[in-house]
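Chemist: Below: one structure in structure tokens.
The values are calculated or read from the model by the stated rules, or taken from the named source; none is laboratory data. These figures come from a predicted structure and were not determined experimentally. When we count neighbours, we look across all protein chains shown, and the Cβ atoms used for this are built from the backbone with ideal geometry, even at glycine. Just so you know, the surface numbers come from the protein's heavy atoms only, side chains and all, with ligands and any DNA or RNA stripped out. Shrake-Rupley method; radii C 1.70, N 1.55, O 1.52, S 1.80 Å.
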Amino acid sequence: MDTMQVSTMCHHRPVTAYKTSIGMKLLMGITGFIFIGFVTGHMIGNLQVFLGAEKLNAYAHTLQSLGALLWVIRLSLLTFFAVHIFFAIKLYFQNRASRPVKYVKEVNVESTFSSRIMIWSGLAMFSFVVYHLMHFTLIITNPEYAVLKENLDVYSMMIVGFSNYWISAVYMVAMIFLALHVNHAVFSVFQTFGLTNAKWIPLLRRIGNIYALIILAGYLSMPVGVLLNIITLH
Amino acid sequence: MNLTLYVWRQKNADDKGRMEKYPAKNISSHMSFLEMLDVVNEDLIEQGVEPIAFDHDCREGICGMCSLVVNGRPHGPEKATTICQLHMRHFSDGDVIYIEPWRAKAFPVIKDLVVDRSAIDRIMAAGGFVSINTGGVPDANAIPISKTDADTAMDAAACIGCGACVAACKNASGMLFVAAKVSQFAHLPQGKVEASQRVRAMIDQMDIEGFGNCTNFQECEAACPKEISIKFIAKMNREYLKSSMAPTKG
């Protein structure tokens, strides 16, 4: 008692919220929630590929015509992404340090597989986002898309891209990681913000499972649609 | 029955520690887990071996002193049962049992299976109390408290502070314990007055002690011998949000 610092209620100077464990979790939650929204919107937008080239390319034009606003959105997303990753890594190392000696016999009772691999599915998503931006946005990995990109022919870019087995495989594996990440994220966001009770905890876990499956099915349908010639160039 | 035990032996806080193998012979299925260890210790004493040190007090499942991780599970495999209340009938002849101490930076090993849990006391000292003397038991109708609030506060107050939640958590987080204490007070009128300062003070102390952060694994709830629900962690998060949005007091 005498060697450790004790902060009592009466003489307490609160630690800045974002430096506390719950504060950091709240930041993870709020940025994560934004990405659940982004991932959903991005999926719905791109699913227009099934409606034909005109629809999808018109959607791409609408996004591009946002001009300055598009950049505000892009930079905000990048900032949220950086915050989410920064605190994820910080929390990961703090958590590891909290148990310096591991158990000889380690078992899992309630924790789900997806909850235990959040840091790894997250890092997989990070690597994927870097590749995805180099592939379709910055046109670094496949310079041959440059002409299509100039004409904003997103439809052809997607089909040419996914016609390559390797590229399709990378996207599909990444989407499995995304689904695993989302699976735990949905429940976690609500729990972190205190928006749960005994009744909603199991329900939100199930909603998380279903939501992850919807995200997985939606995103996988695109490369699969291209590979099965359901969506074609002409 | 006869069992094979692998027990964590560690001379003191500075010793590195290791698992040692011991036979447990002629164990009655009516014995509690701790009584089984008593028998093993008597054998060890006869052989001139230092007996296994482990924490225990009431052996009735209410004091929160016993603290063994059995086959990877704090308080063993039975639901809502402290290790002192776990009976050997839940094991079978020939079983191999791993016995380890609570593992957390905030709970350093003192000797063998005994860990220092004073971090929990310091969190209580930071805010786990009501500052004024609330006097004797008030008349039943003097301070109206809804049945729901009374029941919820009682559910939270069932926490015996054993630290199994920390031991079970993959991050060695103390959130379920702190959440139970924060909620117990926050649901009652006497505790509500200081709810805002309390949640901040207790969480700050929890962080100082080096507990991990909550990742919503839900392992704590499964290990808790008093079945404290993680809904209290949500409650604490709400209290914390409210507190950090409120104008700073004192």
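Chemist: Output the number of the condition that B:Ala140 fails; it satisfies all remaining conditions of (1) touching a Lys or Arg at 6+ places or on another chain (Cβ under 7 Å); (2) open to solvent by 60 Å² or more (accessible area, probe 1.4 Å).
Modeler: Failed condition: (1).
Chemist: Can I ask one more? What is the residue count in region B:33-73 for residues that are open to solvent by 10 Å² or more (accessible area, probe 1.4 Å), touching a helix residue (DSSP H, G or I) at 6+ places or on another chain (Cβ under 9 Å) and not in a loop (DSSP other than H, G, I, E, B)?
Modeler: Summing the residues that are open to solvent by 10 Å² or more (accessible area, probe 1.4 Å), touching a helix residue (DSSP H, G or I) at 6+ places or on another chain (Cβ under 9 Å) and not in a loop (DSSP other than H, G, I, E, B) in region B:33-73 gives 2.
Chemist: Could you grab me the full set of residues in region B:189-237 that are touching a Gly at 6+ places or on another chain (Cβ under 6 Å) and within 18 Å of A:Lys199 (Cβ to Cβ)?
Modeler: Those that are touching a Gly at 6+ places or on another chain (Cβ under 6 Å) and within 18 Å of A:Lys199 (Cβ to Cβ): B:Ala234, B:Asn237.
Chemist: Which of the helices (runs of 4 or more DSSP H) found entirely inside region B:165-225 contain at least 3 residues meeting this: more than 7 Å from chain A (Cβ to nearest Cβ) and open to solvent by less than 20 Å² (accessible area, probe 1.4 Å)?
Modeler: Where helices (runs of 4 or more DSSP H) fall fully within region B:165-225 and carry at least 3 residues being more than 7 Å from chain A (Cβ to nearest Cβ) and open to solvent by less than 20 Å² (accessible area, probe 1.4 Å), they are B:175-186, B:195-208.
Chemist: In contact with a helix residue (DSSP H, G or I) (Cβ under 6 Å, 6 or more places away or on another chain), closer than 30 Å to B:Asn171 by Cβ and open to solvent by less than 70 Å² (accessible area, probe 1.4 Å): which single residue out of A:Leu180, A:Leu123, A:Leu152, A:Leu148 fits that description?
Modeler: Only one candidate passes the filter, namely A:Leu180.
Chemist: Report, by residue number, each residue of region A:104-144 that is over 19 Å from A:Leu63 (Cα atoms) and aromatic (Phe, Trp, Tyr).
Modeler: Result: A:Phe113, A:Trp120, A:Phe126, A:Phe128, A:Tyr131.
Chemist: I would also like to ask the following. If you go through region B:98-135 one residue at a time, how many are open to solvent by 10 Å² or more (accessible area, probe 1.4 Å), part of a loop (DSSP other than H, G, I, E, B) and more than 9 Å from chain A (Cβ to nearest Cβ)?
Modeler: 9
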